[in-house]
Amino acid sequence: MVEQAPAKINLTLRVIGRRADGYHDLESLVVFADLTDTLTLQPGGAAALEVAGPFAAATGPDAGNLVLKAHAALRERLPGLKAGRFQLTKNIVVAAGLGGGSSDAAAALRLLARANSLAASDPRLAAAALATGADVPVCLSGKARVMRGVGEELSAPLDLPVLPALLVNPGVSLGTREVFAKFAGSQEGKAHADVPRDRDALIAWLAERNNDLTKSAIACEPAIGDVLAALRALPGARLVRMSGSGPTCFAVFGSTAEAAASSNTLAAAHAGWWIRPVTLGAPRP
C-alpha cells in the first residue's frame with residue numbers, strides 16, 4: 001500500500017491574533033507541490049517505521065515521528081486498529097516550512113483508513129489529524145484550501161490554476177516555535193475572501209497579501225532575506241514569498257521553462273542552497 005505525501009506551500013499566511021491558550025489564530029491559502037515523500041504500509045503486526053531517502057537523517061528519532069503519532073491518535077479513536085510496518089522515503093527538506101512531517105502523517109492516516117476500510121469522510125480520521133498536528137487536517141485531502149484557526153477550520157477545496165514555481169532553502173532548518181517567539185504582532189495581509197480562479201487574477205490577489213511571519217523568520221535566520229532578494233532578482237519571477245514559518249521560500253513564474261532556467265541560474269551562484277523547480281496546485285498523486 002503506497003501513498004504520496006506532497007509538500008505543503010503557504011501562498012499566504014496571516015496571523016490574526018494570539019489565543020488564550022498561547023497558540024495563534026491564522027489564515028492561510030495552502031496549495032500542494034508535485035514534490036513528495038513516499039510512504040508505504042505493509043499491513044500486519046505492530047506499528048513500526050523505517051525511514052530512508054535524502055533527508056532521512058534529519059527526521060530524528062522514530063518515536064517522535066508524526067507518522068507514528070498519527071497512528072497512535074487514530075488507534076485511540078478506533079480500538080483494534082490494524083497497522084503494520086511503515087516505510088518512509090524522505091524527499092522533502094525537514095523543518096523547512098513545507099509541512100513534510102504533517103503531510104507524512106496525513107499519508108499515514110490515509111493508509112490506515114484503507115487498511116481498516118474506513119471512509120475518507122470518517123470523522124475519526126479528521127479528529128486524529130487535528131490531534132496529530134495543526135497542519136495535518138489540510139494535508140489529509142491534499143487539496144488547495146484556506147485554513148483558519150490553528151488548522152481546524154478548512155474551506156471547501158479550491159479549484160486553483162497550476163503555478164510553475166521554484167522552491168529555495170538556504171540550507172538551514174528553522175523551528176516554528178522559534179519564529180513565533182520573535183513575532184512582534186505586526187499584521188500586513190488582507191482577509192482571505194473570494195480567492196480568484198484565474199491565474200493572473202490569483203497572482204494579483206496574492207500580491208495584496210503576505211506572510212506575516214517573514215520578518216520574525218529573517219530575525220532568526222538572516223539567510224532567508226538573502227533568498228528572497230535573490231528570487232526577486234530573477235527574470236520572470238511574478239511573486240516571491242516565504243512558505244510557512246520558513247526558511248524555504250518560493251517564486252512563481254509564468255512557465256515551467258522560466259522556473260527551470262532560474263533554477264540553473266541560482267544553483268550556479270549558490271552551491272549550498274537546496275533548489276527545486278516544482279508545480280504548485282498539481283493534483284495529489
- Message: So if I check each of Asp198, Asp212, which one is more than 24 Å from Ala95 (Cβ to Cβ) and either of a type outside the set (S, T, N, Q) or at pLDDT 90 or above (or both)?
- Response: Asp198
- Out of Ala33, Ala5, Ala46, which single residue is under 29 Å from Phe86 (Cβ atoms), of a type in the set (A, V, I, L, M, F, W, C) and out of contact with any Leu (no Cβ under 9 Å at 6 or more places or on another chain)? Ala46
- If only one of Gly149, Gly171, Gly185 is farther than 19 Å from Thr40 by Cβ, out of contact with any Gly (no Cβ under 8 Å at 6 or more places or on another chain) and assigned by TED's automatic domain parsing to the domain that holds Gly246, which one is it? Gly185
- Message: Looking for something closer than 24 Å to Arg77 by Cβ and among the β-branched types (Val, Ile, Thr) - is there at least one such residue anywhere in segment 136-149?
- Response: yes
- Note on the structure: Exactly one of Ala237, Ala261, Ala251 is farther than 25 Å from Ala5 by Cβ and either in a strand (DSSP E or B) or over 22 Å from the mean Cα position of the chain (by Cα) (or both), and that one is Ala261
- Task: State all residues of segment 62-85 that are of a type outside the set (Lys, Arg) and within 21 Å of the chain's Cα centre (by Cα); if no residue qualifies, say none.
- Result: Asp62, Gly64, Asn65, Leu66, Val67, Leu68, Ala70, His71, Ala73
- Considering segment 96-125, residues that are surrounded by fewer than 21 Cβ atoms within 10 Å (Cβ to Cβ) and at pLDDT below 95, and then whichever is farthest from Glu50 (Cα to Cα), we arrive at Ser121
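From the residues in segment 266-285 that are touching a helix residue (DSSP H, G or I) at 6+ places or on another chain (Cβ under 9 Å) and in a helix (DSSP H, G or I), which one is farthest from Arg209 (Cα to Cα)?
Our first condition is that a residue be touching a helix residue (DSSP H, G or I) at 6+ places or on another chain (Cβ under 9 Å); within segment 266-285, this holds for 266, 269-270, 273, 275-279, 284.
Within this subset, residues satisfying the condition of being in a helix (DSSP H, G or I) are 266, 269.
Details: Leu266: 26, Ala269: 30 Å.
Taking the candidates together, the pick is Ala269.
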- Message: Among the residues of segment 264-284, are any of a type in the set (Val, Ile, Thr) and over 22 Å from the mean Cα position of the chain (by Cα)?
- Response: yes
- Among residues belonging to segment 169-191 that are of a type in the set (A, V, I, L, M) and under 23 Å from Ala230 (Cβ atoms), point out the one that is modelled with the highest pLDDT. Val179
- Search result, residues across segment 155-176 that are in contact (Cβ under 8 Å) with a residue 24 or more places away in the chain and hydrophobic (A, V, I, L, M, F, W, C): Leu158, Leu160, Val162, Leu163, Ala165, Leu166, Leu167, Val168, Val172, Leu174
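So that you can scan it fast, the table gives a plain yes or no per residue for (1) in contact (Cβ under 8 Å) with a residue 12 or more places away in the chain; (2) surrounded by fewer than 19 Cβ atoms within 10 Å (Cβ to Cβ); (3) not aromatic (Phe, Trp, Tyr):
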site: Ala217; (1), (2), (3): yes, no, yes
site: Val227; (1), (2), (3): yes, no, yes
site: Thr248; (1), (2), (3): yes, no, yes
site: Ser255; (1), (2), (3): yes, yes, yes
site: Ala268; (1), (2), (3): no, yes, yes
site: Thr279; (1), (2), (3): yes, yes, yes
- Message: Just checking, does segment 121-136 include any residue being touching a Pro at 6+ places or on another chain (Cβ under 7 Å) and either assigned by TED's automatic domain parsing to the domain that holds Thr214 or in contact (Cβ under 8 Å) with a residue 40 or more places away in the chain (or both)?
- Response: yes
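The values are calculated or read from the model by the stated rules, or taken from the named source; none is laboratory data. These numbers come from a predicted model, not from an experiment. In this analysis, Cβ positions are derived from the backbone assuming ideal geometry, glycine residues included, and neighbour counts consider all displayed protein chains.
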